[in-house]
1. Checking A210 against (1) assigned to a loop (DSSP other than H, G, I, E, B); (2) small (G, A, S); (3) touching a Pro at 6+ places or on another chain (Cβ under 8 Å): exactly one of these is not met. Which one?
2. So which residues in the range 227-263 are open to solvent by 70 Å² or more (accessible area, probe 1.4 Å) and in a loop (DSSP other than H, G, I, E, B)?
3. Here are some conditions: (1) open to solvent by 20 Å² or more (accessible area, probe 1.4 Å); (2) on the phi < 0 side of the Ramachandran plot; (3) in a loop (DSSP other than H, G, I, E, B). G82 meets all but one. Which one does it not meet?
4. Go through the range 264-284 and give me each residue that's among the β-branched types (V, I, T) and open to solvent by 30 Å² or more (accessible area, probe 1.4 Å).
5. Looking only at residues in the range 31-72 that are touching an Asp or Glu at 6+ places or on another chain (Cβ under 6 Å) and outside any strand (DSSP E or B), which one is most open to solvent (accessible area, probe 1.4 Å)?
6. Could you tell me which residue of the range 214-226 is nearest to F278 (Cα to Cα), considering only residues that are touching a Ser or Thr at 6+ places or on another chain (Cβ under 8 Å) and crowded, with 16+ Cβ neighbours inside 10 Å?
7. Cβ-Cβ distance below 8 Å, separation of 6 or more or different chains: which pairs start in the range 216-234 with a residue that is farther than 13 Å from M200 by Cα and end on one that is aromatic (F, W, Y) and not in a loop (DSSP other than H, G, I, E, B)?
8. Can you tell me which condition A7 does not meet? The list is (1) open to solvent by less than 30 Å² (accessible area, probe 1.4 Å); (2) within 21 Å of the chain's Cα centre (by Cα), and all the others hold.
Amino acid sequence: MAHPQIAVFARLAKGGEAPRRLIYGQATRLSRTMHDIRYNEVRDEIYVGNPFAQAILTFRGDTDAQQAPIRIIQGPKTRLSGSDTLEVDTVNNELLIPQGNEVLVFPVAANGDVAPLRILKGGPTMGWRAGGGIAVDPVHNVLITDGTIHGRSRPGGDNPYRNDRDAIHIFDRLANGEVKPLRSIWGQQTGIYGIRQIAMQPNGGWIVVAQITDGGVPVPEGTFVGVWSINDSGNVPPRWRIDGKASNIMLKPRGVALNPTHKELLVSDMRLNAVLTFSFPEIF
């Protein structure tokens, strides 16, 4: 039985060190499935989805133990339907939630049964479908989501894993309604077969992607963390790449996050049950 909780560690924690704080218990309304957690340093808030309750939970940054969320986005007007990934735009004060063929955008302070500010829609007529990874670049005003391409052969060969998250889509940040991407990155040279999470380094316009290949395999082949530019398009390899096997430790990367202050890349590995920290000054 899963024990839903959010663990908060010191930045320099290593090995089996204990967390500084734990957020857990019935009052928190956390679910056993949490595939994305975001922190807003401007408002000192934590955001996480509860896909079973079709809700987005907001906690104070210093929440500890069995404290309830301070806000909950939930209800039929929200259009939420099981999404558990999200992004926070700390510059424009927005939350972005991808689900199916949509990306829902809410005010960061939204609470209760509220309608989205904007809904970016994909589908066969638009040539793309959203996956689950989401990131925003408020410096260059673009939104990035993973997904797939409708009705087109994969450049350089078919996708042997038949995954629906083998492309990176780049949109105008304010895109609303049925909109085609400004650009898409996909094809055999990208090495992408199954994206799990995306992070942005907006000052350089760098897109950082965790490529897991196949989530159903304990230790899949071809996993890596790759970096592309927001100006890249088509069947292009990453500008930088940390290979799973070549790293001598990374087996199944799922989450990615950046620490600009210390020029670090953080990767959560779902096979190791670990958080790995890499020095990565090249993208800062």
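1. A210 satisfies every listed condition except (1).
2. Taking the range 227-263 and keeping what is open to solvent by 70 Å² or more (accessible area, probe 1.4 Å), we get 231, 239-241, 245-246, 248-249, 260-263.
Listed by number, the residues that qualify are N231, R239, K245, A246, N248, I249, P260, T261, H262, K263.
3. So G82 meets the others, but not (2).
4. Start the filter on the range 264-284 by keeping residues that are among the β-branched types (V, I, T), which leaves 267, 275, 277, 283.
Matches in the range 264-284: V275, T277.
5. Taking the range 31-72 and keeping what is touching an Asp or Glu at 6+ places or on another chain (Cβ under 6 Å), we get 33, 35, 49, 51, 58, 61.
With outside any strand (DSSP E or B) added as a condition, the list becomes 33, 35, 51, 61.
Working: T33: 25, H35: 76, P51: 19, G61: 10 Å².
For the range 31-72, the residue satisfying everything is H35.
6. Of the residues in the range 214-226, the ones touching a Ser or Thr at 6+ places or on another chain (Cβ under 8 Å) are 220-223, 226.
Filter once more, keeping what is crowded, with 16+ Cβ neighbours inside 10 Å: 220, 222-223, 226.
Numbers: P220: 21, G222: 19, T223: 16, G226: 13 Å.
Here the residue is G226.
7. Note: pairs meeting the criteria are G234/W186.
8. All conditions pass for A7, except number (1).
The values are calculated or read from the model by the stated rules, or taken from the named source; none is laboratory data. Not measured: the values here are computed from a predicted model. Positions of Cβ are generated from backbone atoms using ideal geometry, with glycine treated the same way; all protein chains shown enter the neighbour counts. Areas reflect the complete protein model, heavy atoms only, side chains present, ligands, DNA and RNA absent. Shrake-Rupley method; radii C 1.70, N 1.55, O 1.52, S 1.80 Å.
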